[in-house]
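K.L.:
Just passing along the structure, written as structure tokens.
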Amino acid sequence: MANKPPHYAGGFPIGFVENNSGKNVKQKKATDKNLINVKTYLYNHVNIYLKYHRPDPSKLNEYRVVGFGVEPISVKHTFSQGFNWDGESSDGFQKPLDTCMSDQTLSQADVEKVQLVAKGEKIIYTYGVQWEESNIAWSSRWDVYLSEDKAIPAQVHWYAISNSVMVVLLLSILVIGILVRNLKRDIAGYNAVSTMSDEERDELAEESGWKVIHADVFRPPSSLPMLYCVLVGSGIQLALTMALCIILSAVGFVNPARRGSLMNSTLAFYVIFGSLAGFVSSILYKAFRGRSWQLCTVLTAIFFPGICFLVFLFFNVILFFFKSTASVPVIDVIIVAALWCCVSIPMVFVGAYFGYKMETMTFPTVTSTIARAIPPAGLLARPNNQILLAGLIPFAAAYVELFFIMTSLWKDLYYYVFGFTFLVYLILLISSAEVTVLLVYYQLCHENHRWWWFALFSSGSLAFYLFGYSFIYFKGLQASRLLITYLLYFGYMFLISFGLFLITSACGSLITLWFVRKIYGAIKVD
């Protein structure tokens, strides 16, 4: 609450600067002769507009500020008659100006001469404050930002979402059509072979396809099985955290009226879902018959949070030495570290405890002792090539909305259309999982039983396209050429891309595991 100020408090001088350097403000190198003698002008006056609302008409002296705006103006000020730079006003503090009166509003259209930056030029800095009564209620003061002030019409988001939904529907129809037709035929053929006599089986000795590798398909990953479990567990923790935060933001529980509420909610949910990360990683690691469950749990608790904390701490130290206002106080860093060590890590161990108490995951086929050799694949069937192509469709489906999100992150524009964000989030997860299932099926048909890491990287390859797109997007930012600018931008874009990699790869890997168990559980194996 505040008392009602004067309706308009005009321009008051707040100081002046004399430019004796003999040089104009540094300009970019001009190659055109017409640009060599370019002049530089300065905004030396600001109009400050404040909108206030009376919440209770019965209380005449209580008001709330519901709007704020600033308008810069360039004006060459002149003193009133009888005053100059060395003169003093009647009260000893203010010097009246003919170009900035206290009873009128200064606008750029009314300015006769603008303020030039030149050698020996004396500059007066002034400001004006204008109060305006508004019918906007305190609870609705953020509506102009929630609607992006109509800068981006909602139709743009709807068109982007419609195109993405169409891509997902076509992809779903393609995946379902291929898999249902092929799997129905394959399962019927494989079950028919199991009922044949030995002579008939000998005639079909050249049998090929995904049934041939039934004794190897559920073999644990040959390299770094513990890291695989850590990545999947961390991804599930991130996926549920982001989903819940976006939903709460879309329904209005998290809004810009409470500064930092989105970040606080993200940290709180991430800490709580640490138990789910430990639970998922422990179940997978137990299915792989791992023995170092303590190490697996510790890595799940510190892997991704540790990388984020170290990168954040490194950037914060650099910003502190640059005396930047973006640096976080030491006490806040200690609070985040304590929240991680005292709450998040124990929650991961709690989830892992219940995960290891569960029964071991069973598979529909028995794994052989010796691994089957993988036949050579063609150019398009090579796993590395398919991994690179897997992320192209999800990235294309969500490209437009990703552009708006990056614009809000790096160009200080408001983005609060979280309903569209949630739809795009679902589209990314569904499209990544569908592409991964289809590619894994083709790998199994080519008798490649090493599908664990292939499924993880295929569903997470969207992050590679996002990080590559960040290089293209950086060219349009017109950022400074300081090294810290490059470090901050690409460092945080790496963390964002890595987090998206964990989210999509975890969801795609678990759905692929469900798919592989289903198809091998539907055939009869001797």
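K.L.:
Stretch residue 137-residue 108 to full length: gain in nm at 0.36 nm per residue minus the Cα-Cα span?
P.N.:
7.4 nm
K.L.:
While we're on this one: Using amide H atoms built 1.01 Å from N in the peptide plane, name the residues 5+ places from residue 52, or on other chains, whose amide H lies under 5 Å from its own.
P.N.:
Result for residue 52 returns 66, 132, 133, 134.
K.L.:
Can you sort 45, 53 from fewest to most other Cβ atoms within 10 Å of each residue's own Cβ?
P.N.:
Neighbour counts put them in this order, fewest first: 53, 45.
K.L.:
How would 216, 56 line up from fewest to most surrounding beta-carbon atoms within 10 angstrom?
P.N.:
Listed from fewest to most nearby Cβ atoms, that is 56, 216.
K.L.:
Hey, can you grab everything whose amide H is under 5 Å from the amide H of residue 42? Only 5+ residues off in sequence or another chain; H modelled, so Pro and N-termini drop out.
P.N.:
115, 117
K.L.:
May I have the extent of the alpha carbons of the range 224-364 along their three principal axes, as whole Å values ordered from largest to smallest?
P.N.:
Taking the Cα atoms of the range 224-364, the three principal extents are 57, 38, 22 Å.
K.L.:
What span do the alpha-carbon atoms of the range 441-526 cover on each of the three principal axes, reported in whole Å from largest to smallest?
P.N.:
67, 20, 16
K.L.:
Now, a different point. Fewest Cβ neighbours within 10 Å first, please rank 168, 46, 317 accordingly.
P.N.:
317, 46, 168
K.L.:
Which trypsin sites (Lys or Arg not before Pro) from the range 295-376 combine a DSSP loop assignment with at most 13 other Cβ atoms within 10 Å?
P.N.:
Sparse-neighbourhood loop trypsin sites (Lys or Arg not before Pro): 323.
K.L.:
Over 30 Å between Cα atoms, which of 51/122; 211/286; 39/323; 357/518; 51/76 qualify?
P.N.:
Over 30 Å Cα-Cα: 51/122; 39/323.
Values in this text are rule-based calculations from the coordinates and carry no lab data. Quick caveat: nothing in here was measured; it's all calculated off a predicted structure. Glycine also receives a Cβ, built like all others from the backbone with ideal geometry; neighbour counts cover every protein chain displayed.
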